[in-house]
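Below: one structure, written as structure tokens.
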Amino acid sequence: MPFIAFVFIFLSFLSFSFSQSSPPKGTLIDCGATAPSIIGGRQWLTDAGFISKGTPRKLTIPVTTPILSTVRSFPLENNLHHKFCYVIPVFRGAKYMIRTTYFYGGINGNAAPPVFDQIVDGTLWSVVNTTADYANGMSSYYEGVFLALGKTMSLCIGVNSYTDSDPFISALEFVILGGSLYNSTDFNRYGLSLVARHSFGYNGSIIRYPDDRFDRFWEPFGVKEPSISKNKNLSVSGIWNLPPAKVFETELTTDQFGPLELKWPPGPLKNNMYYIALYLADGRNSSTGTSRMLNISINGIIYFKNFTVTQAGAAVFATQWPLGGVTTVTLTPAAGSSISPVINAGEVFEVTVIGGRTLTRDVRAMEDLKKSLQNLPIDWNGDPCLPRQYSWTGIKCSDGPRIRVVSLNLTSMGLSGSLSPSIARMTALTDIWLGNNNLSGSIPDLSSLKMLQTLHLENNQFTGDIPLSLGSIKDLRELFLQNNNLTGPIPNSLVGKPGLDLRTSPGNQLSLPSPS
């Protein structure tokens, strides 16, 4: 059998104090809504303060919950591989459950909803395809767990090659998770994208807050065979992933002694690594004196052997387990055990490799530049460089572990405003093309850009002197300044500089430097 990297941990009780009555902490956004609202005792905000692009729209068909009655839609035309981003204030270092909700409602006039991408910071999270759910009159939700690496996180809607009408979003939630949840995952390297979360033997509505203190959704998974036991009075509170007590009120087991086999998750999986957690508790009277011991396998491969199920409850999990296609979970009585297997709940997440982030100093400089300019490209939001296919219009970025902005090309973009001095903090820049726009103000000190080779500022409305510091940039090869409103002498350090193509006329009132 090939080597498989996996982790097995058995935990019964961990001390954890948490007020069950406290609502989950985070930010809930009703996309496209015009006023905040209280739903289920929790406040939902409008999205106006989190995004500047897109159009709020109200659905004209009945919906099952108020957050589905409005959406924000985004323009498709000429926006292939452009992204539209919500920027959410977060606590750096906190772990967040991010949930996106989609209900099409025919807002674009097409019979079927569009297919598009969703992105967290610089990571391509997943493709959003709500076609099947919408055909059945249902909304769709996606849930993931990601680490906040800065003071903000972005959730972006991206136009991909399959998108045939305006993409949209109905609701967005950022919920802080307790420190113990899913803590075997290195969230600096990976995110978790929910595939399935089920309460076995349960046939009611989705279990969520207040039963689940973090408002995770536990869907029903009831089947005729194996048999279902209900209303177990168990007090299970110590499992580190903190499943709600309600999922232990029902279970799947077998009437006859023997294996318990589940086709779970319900649908086939793509070939990848998965985080799997199974939750089990023994609801029998503890005075029986017999223990329930079982072996667990997935697709015929032993997952855990000689596992003892107690009333205290426990979880068995693998941080990274390779899966693909239809998955079968089998629980078999262990040797010497005379008690049938039992299972209460389970979660499966696809393990997502984090795409990284553009270097923070470059991000901050780009944000300052964004504030100083007007009429910018529509996709200037979210991470500037990542995902690669969704980098901002007009910028190029470096490869490798440190992602830097290396080029700006916004020639003839119809820009106005001024050039922020913060551009000098992007010290990996080799080329700046800003010609043929309507930029004004002075040219900032760019002497810190030691790698700069090309600076095109021609055909704008820059005023003031040519900075003396430009002459100190050793590798500068092209400096185009013609057709501005610059005055004063041309710096000595630029006149006759070897290898420099310097263009200052026509259109300026410059003088040659005095002879030395």
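The values are calculated or read from the model by the stated rules, or taken from the named source; none is laboratory data. This structure is a prediction, so every number in the text was calculated from the model and none was measured. Please note: Cβ atoms are built from the backbone with ideal geometry, for glycine as well, and neighbour counts cover all protein chains shown. The area values use the complete protein model at the heavy-atom level, side chains included, leaving out ligands, DNA and RNA. Shrake-Rupley method; radii C 1.70, N 1.55, O 1.52, S 1.80 Å.
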I need every pair where a residue in the range 428-441 that is within 13 Å of Gly394 (Cβ to Cβ) and touching a residue at least 40 places away in the same chain (Cβ under 8 Å) has its Cβ under 9 Å from the Cβ of a residue that is open to solvent by 10 Å² or more (accessible area, probe 1.4 Å) and of a type in the set (A, V, I, L, M, F, W, C), sequence separation at least 6 or different chains. Gly435/Phe480
So which residues in the range 378-394 are touching a residue at least 40 places away in the same chain (Cβ under 8 Å) and surrounded by 16 or more Cβ atoms within 10 Å (Cβ to Cβ), if there are any at all? Ile378, Asp379, Asn381, Gly382, Asp383, Cys385, Leu386, Pro387, Tyr390
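Could you grab me the full set of residues in the range 372-390 that are under 22 Å from Asn436 (Cβ atoms) and not in a loop (DSSP other than H, G, I, E, B)?
Applying the first criterion (under 22 Å from Asn436 (Cβ atoms)) to the range 372-390 yields 372-380.
Within the range 372-390, Ser372, Leu373, Gln374 meet the criteria.
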Looking at (1) assigned by the TED database to the domain that holds Asn459; (2) surrounded by 14 or more Cβ atoms within 10 Å (Cβ to Cβ), find the lone condition where Pro498 falls short. (2)
Mind counting the residues in the range 222-254 that are within 28 Å of Thr64 (Cβ to Cβ), among the hydrophobic types (A, V, I, L, M, F, W, C) and either open to solvent by 30 Å² or more (accessible area, probe 1.4 Å) or at pLDDT below 90 (or both)? 3
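I'd like to check which strands (runs of 3 or more DSSP E) are fully inside the range 395-435 and have at least 1 residues that are crowded, with 19+ Cβ neighbours inside 10 Å. Can you show your working first?
On the way: elements: 395-397, 405-409, 416-418, 431-433.
Filter on the range 395-435 gives 395-397, 405-409, 431-433.
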Tally up the residues in the range 73-103 that are open to solvent by less than 10 Å² (accessible area, probe 1.4 Å), in contact with a Leu (Cβ under 6 Å, 6 or more places away or on another chain) and either outside the structural domain of Pro167 (by the TED database) or not hydroxyl-bearing (Ser, Thr, Tyr) (or both), please. 1
The range 255-282, subset out of contact with any Ser or Thr (no Cβ under 8 Å at 6 or more places or on another chain) and among the hydroxyl-bearing types (Ser, Thr, Tyr), residue modelled with the lowest pLDDT: Tyr279
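Could you grab me the full set of residues in the range 453-495 that are among the hydrophobic types (A, V, I, L, M, F, W, C) and open to solvent by 60 Å² or more (accessible area, probe 1.4 Å)? First the steps, then the outcome.
Taking the range 453-495 first, the residues among the hydrophobic types (A, V, I, L, M, F, W, C) are 455, 457, 462, 466, 468, 470, 473, 476, 479-481, 486, 490, 494-495.
Residues satisfying the conditions are Leu468, Val495.
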Cβ contacts < 6 Å: first residue buried (at least 17 other Cβ atoms within 10 Å of the Cβ), restricted to the range 104-128; second residue among the acidic types (Asp, Glu) and not in a strand (DSSP E or B), any location; separation 6+ or different chain. Result? Asn108/Asp166; Pro114/Asp164; Asp121/Asp383; Gly122/Asp383
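Is the range 355-362 home to any residue that is surrounded by fewer than 17 Cβ atoms within 10 Å (Cβ to Cβ), part of a helix (DSSP H, G or I), touching a residue at least 24 places away in the same chain (Cβ under 8 Å) and among the β-branched types (Val, Ile, Thr)? So that I can check it myself, show each step before the final result.
Filtering the range 355-362 down to residues surrounded by fewer than 17 Cβ atoms within 10 Å (Cβ to Cβ) leaves 360-361.
Filter again for part of a helix (DSSP H, G or I), leaving 360-361.
Those left that are additionally touching a residue at least 24 places away in the same chain (Cβ under 8 Å): 360-361.
So of that shortlist, the ones also among the β-branched types (Val, Ile, Thr) come out as 360.
Yes; the residues of the range 355-362 include at least one that is surrounded by fewer than 17 Cβ atoms within 10 Å (Cβ to Cβ), part of a helix (DSSP H, G or I), touching a residue at least 24 places away in the same chain (Cβ under 8 Å) and among the β-branched types (Val, Ile, Thr).
Just to be sure, is Tyr96 of a type in the set (Ser, Thr, Tyr) and not in a strand (DSSP E or B)? If you could, list the steps in order and put the result at the bottom.
Details: of a type in the set (Ser, Thr, Tyr): yes; not in a strand (DSSP E or B): no.
So Tyr96 does not fit the description; no.
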Among (1) part of a strand (DSSP E or B); (2) under 28 Å from Leu192 (Cβ atoms) - the single one Thr64 does not satisfy: (1)
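Looking only at strands (runs of 3 or more DSSP E) that fall completely inside the range 440-516, which ones have 2 or more residues that are more than 17 Å from Leu419 (Cβ to Cβ)? Let's see the steps before the verdict.
Details: elements: 454-456, 461-464, 478-480, 485-489, 501-503, 509-511.
In the range 440-516, the matching strands (runs of 3 or more DSSP E) lie at 485-489, 501-503, 509-511.
I'm trying to understand the selection: among the residues of the range 158-213, which are without any contact (Cβ under 8 Å) to a residue 60 or more places away in the chain and either open to solvent by less than 20 Å² (accessible area, probe 1.4 Å) or among the aliphatic types (A, V, I, L, M) (or both)? Please lay out each step first, then the result.
Going residue by residue through the range 158-213, those that are without any contact (Cβ under 8 Å) to a residue 60 or more places away in the chain are 162, 183, 186, 202-208, 211-212.
Ile206, Ile207, Asp212 - these are the residues of the range 158-213 that are without any contact (Cβ under 8 Å) to a residue 60 or more places away in the chain and either open to solvent by less than 20 Å² (accessible area, probe 1.4 Å) or among the aliphatic types (A, V, I, L, M) (or both).
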Conditions: (1) of a type in the set (A, V, I, L, M); (2) surrounded by fewer than 21 Cβ atoms within 10 Å (Cβ to Cβ); (3) in a helix (DSSP H, G or I). Leu369 meets all but one. Number of the miss? (2)
